[in-house]
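These notes are about the structure you will find just below.
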Amino acid sequence: MVAYTGFRAFRNILTACLLLTATQAAADIWEEGDIEAGQALFNANCASCHKVTNEVLAAPGLAGIADRWGATDELLIQWIQNPQGAAESGDKYIKSLVDRYVPTYGWMTAQAVSPDDIKNIMAYVQNPPDAAPVADAGSDCVTVDDLPIADTSDTRSTWFLMLLVLFLIIAMAAAGVNRSLTNAAREKDGDDLLEDAPYGVRIRNWTWDNRVAVSLIGMFFLAYGAVLGYQGLMRVGVVEGYKPNQPVKFIHSVHVCENEVDCKYCHHSAYESKHAGIPSTNVCMNCHKAVKKGRRYGETEIAKIYDAIGFDPTSGTYVDGSGKNGYTSPQDTYDGEPIRWNKVHNLPDHVFFSHQQHVVVGGLQCQNCHGDVETYTVGRVAEVEDINQLVDKYPGLIELSKPTLTMGWCIECHNKAEIDLASSGYYEEIHHRLKDNLRGNEELRKYMEDDKITVKELGGWECAKCHY
Amino acid sequence: MAAGSVPSAIIKHQSRTPYRSHMANTKRYWSGLDELRETEAFKTIQGQEFPEAQSVDEFLTDERLESTHTGRRDFLKFMGFGLTAATLAACETPVVKSIPYTNKPEEVTPGVANHYASTYYDGHDFVNVLVKTREGRPIFIKSNTETGYGRVNARVNASVISLYDSARLDGPQIGGEASDWATVDAAVSNVMQGEGRKVLLTNTVLSPSALRAIAQSGLEHIQYDAIDYGAFRAAAEADFGVNSFPSYRLEEAEAVVTIGADFLGSFADNVIYGERWAAMRKPESGKMSRVHAFETNMSLTGSNADHRTMVKPSEQGRVATALLAMVTGQGTAGQLSEEANKAVALAAKDLKRAGSKGLVMAGANDLAMQRVVNAINAALGAVGTTVSYDEMTLFQGSSSSLKQLTSDMTAGAVEVLIIADCNPAYDAPNAAAFAKALSAMKHTVSTSTVADETASLCKVIAPTHHWLESWGDLQIEADRIDLVQPTISPLHNTRPWGESLVRWSGVNQDWYTYVRSTHASDYTSDAMYTNAAWNKAVHNGFIGVDVMPGQAVTFAGTGTSQAISELNGRKGGAVELALYQKTTMGAGQHAANPMLQETPDPLTKVTWDNYVTMAHSDVDAMGLNGFIGQEKPASLVKVTVAGTSMELPVFPMPGQAPGTIGIALGYGRGGNGENIGKAAFQTGENGSFETDSDGKPTPVGKNVFPWTAQSGDFTDYSQYDVTVEATGETYPLACTQIQNTFMGRESIVKETDFSSYFAERDAKKGKASWNELITLAVHEDVTGDGAIDAQDGKPTSAFDLWHEHPVEEVGHRWGMTIDLTSCTGCSACVTACHIENNVPVVGKDEVRRHRDMHWMRIDRFFASDYSLERGEEEGTSVIGSYRKMEDPSANPQTVHMPMMCQHCNHAPCETVCPVAATTHSNEGLNQMTYNRCIGTRYCANNCPYKVRRFNWFNYPGYKKFANFNPAQDSLMRMVLNPDVTVRSRGVMEKCSMCVQRIQSGKLDAKKAGTPVPDGSVVTACAEACPTHAISFGDLNDKSAGVRAISENNRAYHALEEIGVKPNIFYMTKVRNVEPNQA
């Protein structure tokens, strides 16, 4: 099938253009690159497998690559854009790389980066940020060793309740004993016995005797109960902190913080679709073809993705439906059971939320809604208080008060988030329409009363924005 | 405490010691008279705790225990517990699974739609399409307007549902038992190698690969079409020497005369005629074609014609001869009524004026008729300009070959019969004889996707792919080969019938390879995606083929006189029958498609049935019901044709020629209870199938294919002598529109004739006499003439009852324009809207109660002879006049008016909603928020356009809808659009102007950093409209097409006087009638 969008054709043309420019740009591949641009590119494309140090992640570290590289610059570009193609060139150095690394790590995925991009990446690789801050950042990470073995659920209140009940029973029993003893003493003394009324009657009598105090206390409890009840009802449908167990014990902090994998490396469809998506298993395999053992769970958890996609870790190759081994890419005939993740962020069906709109157009950071995922183990719905605390770490983050994933939270943000009308051609056109006529001017003046234009003012509070 | 007056019997039995009240010690209470009298029985049980001891074993073995049932109190306890548990459970967030791909296909991104170019062909309609898929599921079909041939009609649009029909066979069958392909292949190859005559029966095959496979197989190939057009080809062969179906170029024609050819409805290559016809119906261009229609039934073409004349089927031939005589002076004119003669003269005058730009079409599959039509077209010089014969491959079927085959089969002269892409046991003129011969044969193979009327009689069923699952190639014209590409993996264990044929011929090749090697001889499967030329062809949907320019054809002219005398000699009977196809049902291929069954017929507005259409005068003469409504069922009549009778309901139809009846083909599928799909059968009020006395489900409608006539080599669709008898019984019809006329409310539909339009075509908007601005009288001197009088009106735009929504010229203002001049009423927009927006199918019973959920409807208004002026002249009271204006004329002019939410800027619905569930957006949309709606229905009551629909039932769950609602079928629900909520019971719903498309269009623009380009956001209805009558866009965008149209002097708002300021504009209908005939 060929997508009508013409994506494939477009990409072919793009690649062809890139190859044309390759020779011109290649001459000075090691010089004049933009380090900052390189860093962004590196993080987006390379960081999942390579480090800029000597450390081996899912592929060799790149420190000293400029000195090490033993083939031509053109071949380096080809090696990145099409590794198998470069290997066919027959270059000795490339062959040595293939012999040395491919059996362990597998082939590198061909990267859609231009020679200019590569120049920038190389600039960054040669001038990595200071080692010290990296180490600091590393120490911020929740390492697997810090993690608790199992989730301890909050059972204190249960114990407290049980103790309370036990205490009540003992107290009543003691009262009964006390009473019997008193009666025995009275009988002995020849006094009247205590009136033998059921507990209910006695409590009622006591209540009546102390009615003022009881009413006051009662009213207090009633009010307290009402408040609690109201709060409880307000929490219905609030899923803050929801953290379901997952079939694979995937640890975000290891991937995001320790290994610096960018969010969009796995959740790339956040930029293309309304769904951020759970990465397909073949994305996992980009790294886990090489990384076959985890520090905490060893091979058991990683084996689950191998089972799903049909990968044989001993030979480092894929299996097909008939059990035949030796493929370099996943086989569609392999009938593996896909991994059934538990969805963490559940919006009701009548809500249409688009990641693309928020991330690409709105320019929001993932942390704005999902919190500091790099400190998480399993994915969870971030609490709004936790997100608010990130404001120093992630400038531009919008502080909110309503619980996350509630409509109040959404519209609060739409009321606070600003739109820069000069930011794109789309908003410029909207701005023109507002400026160019009387009625628009009036509207614009209303918008600008607080000196900013919010998402709400351009329709962000309208029902059909999200409900249709 | 208890007072002393408590009767003793109430005291509980268990308290055997009488209870003494400490407040009334003097009184004693007994638990019964036994105690009071201290009987023996009382004494014996007095000391026992359990009066009648019963062991546990005895208790458990007691048979009465089986019959004990839960009492009321228990029930209440369980209910209470259940309610509490459910409430508590509802507070818990359910765990939702999310399952990503293991190995994600490159072009699929969850949440992003892909479009694939493909081609639809079902033996009748041929159209290039784009298929929209989401996560690998096809969910919507639209025209491929960039490179394509034709525009989708309602049937093509809705055909996406048939992919998910659960009646489809999930694998090959032998003798009704499930089998596998190896067994089937072995069995069929075996008989194919044997002795005897081996025949392949198909509809017209347009696929070069399939034709190659047929040639390779050595089978004798016989083609027939469900709707036979053989006479057209035979006439072309005789008169022009070309065996081709004519290509009618309506975009060139200035005068069109159609004699029973419903080219805007279901005639022949209808998917292309509408767009071509509309190209000549643009009054702004200063030129408009004029259409004269001579027809029996009221058809879409007739309702859109400028002049329409009612003729009986037997008279149609004489209309043709009269026309020929008047245009050329050749031959003898047929005898016609005075009125018809006048109309023919007028048509002839227009044809002569148009000359080579004139065009005559006839719908009858009648050789003599087509030869006379050819003679007229040739005499006009139209051949080569408005009609051409350039090897169009459609309709090669021959019904005489099928007839011959049937008799050969009966005689045992056919050994093997393979049937592909056709259903002769249902739609052949001699279906019963064919079915009988077929079931007697030993070696029969069907490739049908469902066990339909024919397949269920075959020994082997080797089911083929649905077209959305299969590769394929099709050639309709010489210069291109259109490609079919799969848009989903096959849902079942099926195989394209071409591949089956190839394999049965001993070639072991898959269909894709076979198709590719048809077009590239050096193709190898290693090169699957590498061939750039092929990939481009698949992307565009076709392969261009170099052809030599066609030779001009010349008219031979022999045999015309014989044809004339044949036509003039035709004798009609008292009641004549004209069979026709509905635009929704066609020849019946889509009978199991609930969306099409519920799309109202554009003219009768009846859903879920076929019926007899009859002129009002005939209905009254027979004493049948003349008005059909919820409590007014239709009368059943017994129609007898050539010895066979059927009972059908009667629908009184304005415009039906008196003395004729019309009945739609394509109904009554699955007459023997074949499993062709649930929606093909009638469902009763409780949701189960209606059954006949044998327990077989009753099909929707009656099959009238047996009433087609075999005249000579061709199938004829009219009968000249039928009898109709009243039975005295009634039958309910589900009709979505009751009002036939708009009763003089001229602010709904504005209409003028072309010359009046032309005279004032430069008038400013609101000034022309045919579209005057509606003003409201005010008590102030607006005109400044010093007097306050009737002239002192202000336009409705000057009044604001409510605060104005700032949408004009601010931000976006989404709006729509609908040109009533080019809207034909074809209903493609209706089905497109309903598929795009998951509009529930509610079934006949609910439609009958006017609970149809249609977000979009097409109001069909007939003109009335009566008017207030006439009433005044005749001295009728005003009320009486209005009452008379309800009745349409016998041959009325017709207006089709698409009606959906008008998205009023002063929406009356918004102000009455108690919970603000319907609100106005600053982009001009009237928004409906289902999750806020509590279903008071105030909005629906307050809507002047009656476009709001209340969701009465849980359509995706309630058993009443189980047999036809797509959301109730685990497979068919795959067709639902994931971008639109499936609404639940108790909410109001309505047209949202496809807000999901607006939002995604805006997002695309924001991502690209550009203003929203005009045309990038388009609603489903506008996209589907074959004549481009509906336009959609941003009214605030100065460059938008829709803005220019809204500023045109023909643009107006429906019911402008009520001042609701809609964002939908209608364009005054211009009819190109002779001024004195208007």
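The values are calculated or read from the model by the stated rules, or taken from the named source; none is laboratory data. Remember, predicted model here, so these are calculated numbers, not experimental data. Glycine also receives a Cβ, built like all others from the backbone with ideal geometry; neighbour counts cover every protein chain displayed.
Please go through segment A:341-366 and give me each residue that is out of contact with any Cys (no Cβ under 6 Å at 6 or more places or on another chain) and within 8 Å of chain B (Cβ to nearest Cβ), ordered by number.
Matches in segment A:341-366: A:Trp341, A:Asn342, A:Lys343, A:Asn346, A:Pro348, A:Asp349, A:His350, A:Ser354, A:Gln356, A:Gln357, A:Val360, A:Val361.
So, in segment B:610-642, of the ones that are in contact with a strand residue (DSSP E or B) (Cβ under 6 Å, 6 or more places away or on another chain), assigned to a loop (DSSP other than H, G, I, E, B) and in contact (Cβ under 8 Å) with a residue 60 or more places away in the chain, which residue ends up surrounded by the fewest Cβ atoms within 10 Å (Cβ to Cβ)?
Among those residues, the one meeting the criterion is B:Pro633.
Looking at segment A:451-468 only, could you name the residues that are farther than 15 Å from A:Glu412 by Cβ and in a helix (DSSP H, G or I)?
A:Leu458, A:Cys463, A:Ala464
For segment A:435-462, name all the residues that are within 7 Å of chain B (Cβ to nearest Cβ) and over 20 Å from B:Gln999 (Cα atoms).
Of everything in segment A:435-462, those that are within 7 Å of chain B (Cβ to nearest Cβ) and over 20 Å from B:Gln999 (Cα atoms) turn out to be A:Asn437, A:Arg439, A:Gly440, A:Glu443.
Can you pull out the residues in segment B:113-135 that are facing chain A (nearest Cβ under 7 Å), touching a Lys or Arg at 6+ places or on another chain (Cβ under 8 Å) and either crowded, with 24+ Cβ neighbours inside 10 Å or of a type in the set (A, V, I, L, M) (or both)?
Listed by number, the list holds a single entry, B:Leu130.
Test B:Val1042 against the stated conditions and say whether it is touching a Leu at 6+ places or on another chain (Cβ under 7 Å), within 20 Å of B:Ser143 (Cβ to Cβ) and not hydroxyl-bearing (Ser, Thr, Tyr).
On the way: touching a Leu at 6+ places or on another chain (Cβ under 7 Å): yes; within 20 Å of B:Ser143 (Cβ to Cβ): yes; not hydroxyl-bearing (Ser, Thr, Tyr): yes.
Criteria met by B:Val1042.
Which of (1) without any contact (Cβ under 8 Å) to a residue 40 or more places away in the chain; (2) part of a loop (DSSP other than H, G, I, E, B); (3) in contact with a helix residue (DSSP H, G or I) (Cβ under 8 Å, 6 or more places away or on another chain) does A:Cys369 not meet, given it meets every other one?
Condition (2) is where A:Cys369 drops out.
Looking at (1) assigned to a loop (DSSP other than H, G, I, E, B); (2) within 17 Å of B:Cys833 (Cα to Cα); (3) within 14 Å of chain A (Cβ to nearest Cβ), which is the one condition that is false for B:Ile998?
(1)
Is there a residue in segment A:284-301 that is buried (at least 20 other Cβ atoms within 10 Å of the Cβ) and either in contact with a strand residue (DSSP E or B) (Cβ under 6 Å, 6 or more places away or on another chain) or more than 29 Å from A:Asn325 (Cβ to Cβ) (or both)?
For segment A:284-301, residues buried (at least 20 other Cβ atoms within 10 Å of the Cβ) and either in contact with a strand residue (DSSP E or B) (Cβ under 6 Å, 6 or more places away or on another chain) or more than 29 Å from A:Asn325 (Cβ to Cβ) (or both): absent.
Against the conditions (1) of a type in the set (Lys, Arg); (2) at the interface with chain B (Cβ under 9 Å from one of its Cβ atoms); (3) closer than 30 Å to A:Phe42 by Cβ, where does A:Lys304 fall short? Just the number, please.
(2)
For segment A:48-57, state whether one or more residues are without any contact (Cβ under 8 Å) to a residue 40 or more places away in the chain, within 23 Å of A:Glu258 (Cβ to Cβ) and either in contact with a strand residue (DSSP E or B) (Cβ under 9 Å, 6 or more places away or on another chain) or loosely packed, with under 14 Cβ neighbours inside 10 Å (or both).
Looking for residues that are without any contact (Cβ under 8 Å) to a residue 40 or more places away in the chain, within 23 Å of A:Glu258 (Cβ to Cβ) and either in contact with a strand residue (DSSP E or B) (Cβ under 9 Å, 6 or more places away or on another chain) or loosely packed, with under 14 Cβ neighbours inside 10 Å (or both), one finds at least one in segment A:48-57, hence yes.
If you go through segment A:409-427 one residue at a time, do you hit one that is away from every other protein chain (no Cβ under 14 Å), farther than 30 Å from B:Glu809 by Cα and either in contact with a strand residue (DSSP E or B) (Cβ under 7 Å, 6 or more places away or on another chain) or surrounded by fewer than 17 Cβ atoms within 10 Å (Cβ to Cβ) (or both)?
No; the residues of segment A:409-427 include none that is away from every other protein chain (no Cβ under 14 Å), farther than 30 Å from B:Glu809 by Cα and either in contact with a strand residue (DSSP E or B) (Cβ under 7 Å, 6 or more places away or on another chain) or surrounded by fewer than 17 Cβ atoms within 10 Å (Cβ to Cβ) (or both).
Evaluate the following for B:Met369: is it buried (at least 22 other Cβ atoms within 10 Å of the Cβ) and under 16 Å from B:Ser247 (Cβ atoms)?
no
So which residues in segment B:136-153 are more than 10 Å from chain A (Cβ to nearest Cβ) and at positive phi, if there are any at all?
Passing the criteria: only B:Gly150.
For segment A:307-331, what are the residues that are at the interface with chain B (Cβ under 9 Å from one of its Cβ atoms), assigned to a loop (DSSP other than H, G, I, E, B) and at pLDDT 85 or above?
A:Gly310, A:Pro330, A:Gln331
Answer yes or no: is there a residue in segment A:359-378 that is surrounded by fewer than 17 Cβ atoms within 10 Å (Cβ to Cβ), of a type in the set (A, V, I, L, M, F, W, C), out of contact with any Pro (no Cβ under 9 Å at 6 or more places or on another chain) and within 29 Å of B:Pro110 (Cβ to Cβ).
yes
Within segment B:905-929, how many residues are closer than 16 Å to B:Cys994 by Cα and hydrophobic (A, V, I, L, M, F, W, C)?
Qualifying residue count for the region: 2.
Looking only at segment A:349-368, count how many residues are hydrophobic (A, V, I, L, M, F, W, C) and within 9 Å of the chain's Cα centre (by Cα).
So the answer is 1.
Within segment B:1009-1030, can you find the residues that are at the interface with another protein chain (Cβ under 8 Å from one of its Cβ atoms) and among the small types (Gly, Ala, Ser)? Write out each step before concluding.
If we filter segment B:1009-1030 for residues that are at the interface with another protein chain (Cβ under 8 Å from one of its Cβ atoms), which is where we start, we get B:1009-1012.
Once the filter is applied, which keeps residues that are at the interface with another protein chain (Cβ under 8 Å from one of its Cβ atoms) and among the small types (Gly, Ala, Ser), segment B:1009-1030 yields only B:Gly1009.
Return the only residue of A:Val236, A:Val214, A:Val254 being within 14 Å of chain B (Cβ to nearest Cβ), surrounded by 10 or more Cβ atoms within 10 Å (Cβ to Cβ) and not aromatic (Phe, Trp, Tyr).
From the options A:Val236, A:Val214, A:Val254, the qualifying one is A:Val236.
Can you name the residue in segment B:1001-1035 that is acidic (Asp, Glu) and not in a loop (DSSP other than H, G, I, E, B) and, of all such residues, is surrounded by the most Cβ atoms within 10 Å (Cβ to Cβ)?
Filtering first and then ranking leaves B:Asp1034.
Can you go through B:Pro914, B:Pro944 and tell me which one is free of Cβ contacts under 8 Å to residues at least 40 places away in the same chain and part of a loop (DSSP other than H, G, I, E, B)? Can you show your working first?
Numbers: B:Pro944 fails: free of Cβ contacts under 8 Å to residues at least 40 places away in the same chain.
None of the others qualify; the one that does is B:Pro914.
Within segment B:686-721, can you find the residues that are of a type in the set (Gly, Ala, Ser) and under 21 Å from B:Leu405 (Cβ atoms)?
B:Ala709, B:Ser711, B:Gly712
Only one of B:Val810, B:Val841, B:Val830 is β-branched (Val, Ile, Thr), buried (at least 20 other Cβ atoms within 10 Å of the Cβ), touching a residue at least 12 places away in the same chain (Cβ under 8 Å) and under 30 Å from A:Lys456 (Cα atoms); which?
B:Val810
Just name the residue that is surrounded by the fewest Cβ atoms within 10 Å (Cβ to Cβ) out of those in segment B:978-995 that are of a type outside the set (Val, Ile, Thr) and within 11 Å of chain A (Cβ to nearest Cβ).
Selected residue: B:Ser984.
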